[in-house]
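**Q** First the structure, then my questions, so here it is.
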Amino acid sequence: MITCHVARKLAAGETEPFTVAQNCMIIPISTAPKSFAEKPQAWELRSDWTSLRACGTSPHHASVMGFMYERGQANPFAKCPNSLLLATVKQIERKFSTTLLVGFEAELVLLDETLNPPNSNVDPTTGDSTMSGLRSTTLTLIENIVDAEGLAGIHVYNFHSEGAGRFEIALAPMDPMKAVDTLMHLHEAIRTTCVQHGFKGTLTPKPTLTGSRSGSQNGSHMHISLNPPPPKAEGFLAGILRKIGALCALGMPSFDSYTRLVPDATDLPVRKISDNHWEFRFIDATANMYLFLATVLAAGSEGFSIQQELDWKDLGSFPHDLTTEELSFYGISEPMPRSLRDTKNIMGVDRHAEYIRLKEIEIEQFAKMIEEERRQRFLRIF
């Protein structure tokens, strides 16, 4: 945190940018705060003043996002996820004469002081999109989150229950950079508001160990649309689907991210809403959303550029109800990755050596932990 006086000097270029620790980009969740830098690094945080917003949860505060600048490099922004997203969006919109819109949905679970679901027998949450669980203090809590976002100029599209103790908040669509900025703002509003109400609002993929399918799971959903719809927009989707296995390594980058991918899960990874609008579900709150969105858009751009054929047909059934031959008819020949190790192997080492090195550490360390130990580790951060 900095004071308004210092913020004004930063914005005017009258003081040097703040430096951040050399391990800021490479701390495995499994070993935090211990990190494994291969060489000394010097980073600066360059403020993105276009992202300046009031913090509705803390009236005297405002937030601003930043670009990561590595000193001593020919391209100091080369490793900055925010810079990558900004450049990718500009390239796509210019090349294809289209405007990208992105909207996110965030899932959260409420936990009490014991880090377990609150024991509410008066108004328990009984199902998806019902009023149960939203008739008393929980409704006030969610409304306070929505109001806080409104004070920051962020429009919430809707909110609803998602099952026992789980809720979803959907943001309105906007340009990709602002969409991720506002999602980060929403995440912080959720955590802060829940603490103010005596709860822990967590977005971690596996917040509990008991319940349906070995506990509740949190994910995120990302909507992407091309406006106006370019001709043969299916090439964009085909490019993403062609690389979906590797993209999971960035969208679901944690050891417990894959608890949602079980054989009887009814959700499919991609939902087509219209010819130029898709919902992507292979993502959770442990992802670096700037990096993930940039990579998804790049994959779509590549597919659109070469007019890649969409080999996959619309699946009108649940995959687990179909035989291998029936799945083949729809163009499905390979299953989704079932673990972080699967996605790491799909990515390949050459282009992602540093990322894979850190994920190897996470896989090794988390594999040694019991489920509750992993849960506690993720709850500390997410």
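Every number in this text was worked out from the coordinates using simple rules, so none of it is lab data. Keep in mind that this is a model prediction, so the values were computed, not measured. Counting neighbours? That spans all protein chains shown, and the Cβs are built from the backbone with ideal geometry, glycine included.
**Q** Using the 10 angstrom Cβ neighbour count as an exposure proxy, how do S97, S225 rank, fewest first?
**A** S97, S225
**Q** Something else about it: How do E105, E70 line up, fewest other C-beta atoms within 10 Å first?
**A** Details: E105 21, E70 17.
Lowest count first: E70, E105.
**Q** Rounded to whole Hz and in sequence order, give me ³J(HN,Hα) for region 171-178 from the Karplus expression 6.51 cos²θ - 1.76 cosθ + 1.60, θ = phi - 60°, writing x for Gly and Pro.
**A** Per-residue couplings from phi come out as 9, 5, x, 7, 5, x, 5, 5 Hz.
**Q** Please list the non-local residues whose amide H lies under 5 Å from the amide H of T99, H modeled 1.01 Å from N, same-chain partners needing a gap of 5 or more.
**A** Long-range HN contacts for T99: N227.
**Q** Could you give each residue of region 192-209 its phi-based ³J(HN,Hα) in whole Hz, using Karplus coefficients 6.51, -1.76, 1.60 with θ = phi - 60°, and x for Gly or Pro?
**A** Each residue's phi maps through the Karplus curve to give 5, 5, 5, 4, 4, 9, x, 10, 10, x, 10, 10, 4, x, 10, x, 9, 10 Hz.
**Q** Sticking with this structure for a sec: Enumerate the whole-percent occupancy of each 5 Å bin, from 0 to the last occupied one, for all C-alpha pair distances of region 15-80.
**A** Histogramming region 15-80 at 5 Å steps yields 4, 15, 19, 20, 17, 15, 9, 3, 0 percent.
**Q** Compute the distance from the alpha-carbon center of region 159-219 to that of region 4-32, in whole Å.
**A** 26 Å
**Q** At a Förster distance of 35 Å, what's the computed FRET efficiency of Q91 paired with V195, Cβ-Cβ distance as r, to 0.05?
**A** On the way: r = 40 Å, r/R0 = 1.15.
So the FRET efficiency works out to roughly 0.30.
**Q** Also: Whole-Hz Karplus ³J(HN,Hα) for region 40-56, in order, using 6.51 cos²θ - 1.76 cosθ + 1.60 and θ = phi - 60°, x for Gly and Pro?
**A** Running phi through 6.51 cos²θ - 1.76 cosθ + 1.60 with θ = phi - 60° gives x, 9, 10, 10, 10, 9, 9, 5, 9, 5, 5, 9, 4, 9, 5, 9, x Hz.
**Q** Then there's this: Express the relative contact order of region 64-201 as a whole percentage, based on alpha carbon pairs under 8 Å and six or more residues apart in sequence.
**A** Normalised by residue count, the contact order of region 64-201 is 29 percent.
**Q** Turning to a different aspect of this structure: Add +1 for every Lys or Arg and -1 for every Asp or Glu among the other residues with Cβ under 11 Å from the Cβ of Y69, and state the total.
**A** +1
**Q** Counting only residues 5 or more places away or on other chains, whose amide H sits under 5 Å from the amide H of F67 once H atoms are built in the peptide plane?
**A** It is R46, S47, D48, by chain and number.
**Q** Cα-Cα over 30 Å: which of K178/K206; K90/K232; K272/K368; K178/K359; K79/K200; K178/K272?
**A** K272/K368; K79/K200
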